[in-house]
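Q: For reference, the structure I am asking about is given below.
The values are calculated or read from the model by the stated rules, or taken from the named source; none is laboratory data. All values derive from a computational prediction rather than experimental measurement.
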Amino acid sequence: MVIMSVDLGKARTGIAVCDKNELLASPLGIIEERNSEKTAEKVFEAAKAQGAELFVVGLPKNMDGTEGESAKNARTFAEYLSQLSGMECVMQDERGTTVTAHNFLNATNTRGKKRKKVVDSVAAVIILEDYLSRRKNHRV
């Protein structure tokens, strides 16, 4: 199944997609939009173009596992995206994904404006990889 992941941000939202065999997660890029409904519409358009059948939306929990305002916004976004698309949206804990994405970009010496443009899509890849791993190991 083709699955699309979303790393929701206030100004930039990263998206990634996996292949039908759910083996490889690849970045698709970022959506630069501050309006969450417009962001959802753009995510849905990208999903249709990729043939995605499921969304995985990053859930930004606090390090102690609680959910704050960002998590509430992500849940609201996922609910709207699901209603808009008619597709299921699964929430995936994204704690540490941005830090991991920055570490990957440090390892590849990606800096400056280029780094700013790719970090959110790299985070979306990590969210998707985490979900795929959980799905494979636990039959989600």
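Q: Take the conditions of a type outside the set (A, V, I, L, M, F, W, C), more than 16 Å from residue 122 (Cα to Cα) and modelled with pLDDT of 95 or more and apply them to residue 20. Does it pass?
A: Numbers: of a type outside the set (A, V, I, L, M, F, W, C): yes; more than 16 Å from residue 122 (Cα to Cα): yes; modelled with pLDDT of 95 or more: yes.
In short, yes.
Q: Answer yes or no as to whether residue 58 is over 15 Å from the mean Cα position of the chain (by Cα) and either closer than 15 Å to residue 121 by Cα or of a type in the set (Gly, Ala, Ser) (or both).
A: It is false that residue 58 is over 15 Å from the mean Cα position of the chain (by Cα) and either closer than 15 Å to residue 121 by Cα or of a type in the set (Gly, Ala, Ser) (or both).
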